[in-house]
Amino acid sequence: MENKRSSSYSSSPYSLCRHLDHVKNRSNLRVGEPSIERESPNTVEIRLTARYKPDDEDDHETDQLGYTKTEPLTALRITDLTETEADLIKAFVPVAVDDVREGLESYTETVEHAEELEAKIERTDGLIEET
C-alpha cells in the first residue's frame, strides 16, 4: 500500500492587498524581491516585497524611477513538507520569481513595441487613402 501524504498551504493575498489598498494606480505595481523563511524543518513562508509608484512621492522614500518598496509581505505559507521539499522550495522560488519577472518585462516591452507599430501602420494607411 502506497503511503500518500500531502502538504498544505495557505495563501494570504488579502493581506498583500490590504497593505497596498492605498495604491491607486495598480498598473504601476511590481513584484519586488522574494524571500523564503524557514519557520520549521517542515514549514516555509514565501514573502515578497512590492514596488509601486506612490501617489505622493514626498511621503515615501523612492528610487530613481519614482518607485517605493514595501517590507517583505507574506504571500504563501506551506506546511507539512519533508525537509527535502522545503529545501527545494527555498532554492527554487527566488529563481522562479526572477524568471517570471523577466518574462513579464519582455512581454510588456513586446506589447508596447507592437502598439507603436500598429500606430505607424494606421498612419501609413491614412496617408495611402489620402492619395
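The values are calculated or read from the model by the stated rules, or taken from the named source; none is laboratory data. Every value quoted in this text rests on a predicted model; they were computed, and no experiment measured them. Using ideal geometry, Cβ is built from the backbone for each residue, glycine included, and neighbour counts are taken over all protein chains shown.
Before moving on, here are some points about what is shown:
- Positions within the range 64-96 being part of a helix (DSSP H, G or I) and of a type in the set (A, V, I, L, M), in sequence order: A86, L88, I89, A91, V93, V95, A96
- Some residue of the range 43-55 being outside any loop (DSSP other than H, G, I, E, B) and polar (S, T, N, Q): yes
- Of the residues screened, R101 is not one that is assigned to a strand (DSSP E or B) and surrounded by 10 or more Cβ atoms within 10 Å (Cβ to Cβ).
- Breaking point among (1) assigned to a loop (DSSP other than H, G, I, E, B); (2) modelled with pLDDT of 85 or more; (3) under 17 Å from the mean Cα position of the chain (by Cα), for E61: (3)
- Neighbours by Cβ (under 9 Å, 6+ apart or cross-chain): first from the range 83-108, more than 19 Å from E33 (Cβ to Cβ); second at pLDDT below 85 and surrounded by 11 or more Cβ atoms within 10 Å (Cβ to Cβ): E85/S7
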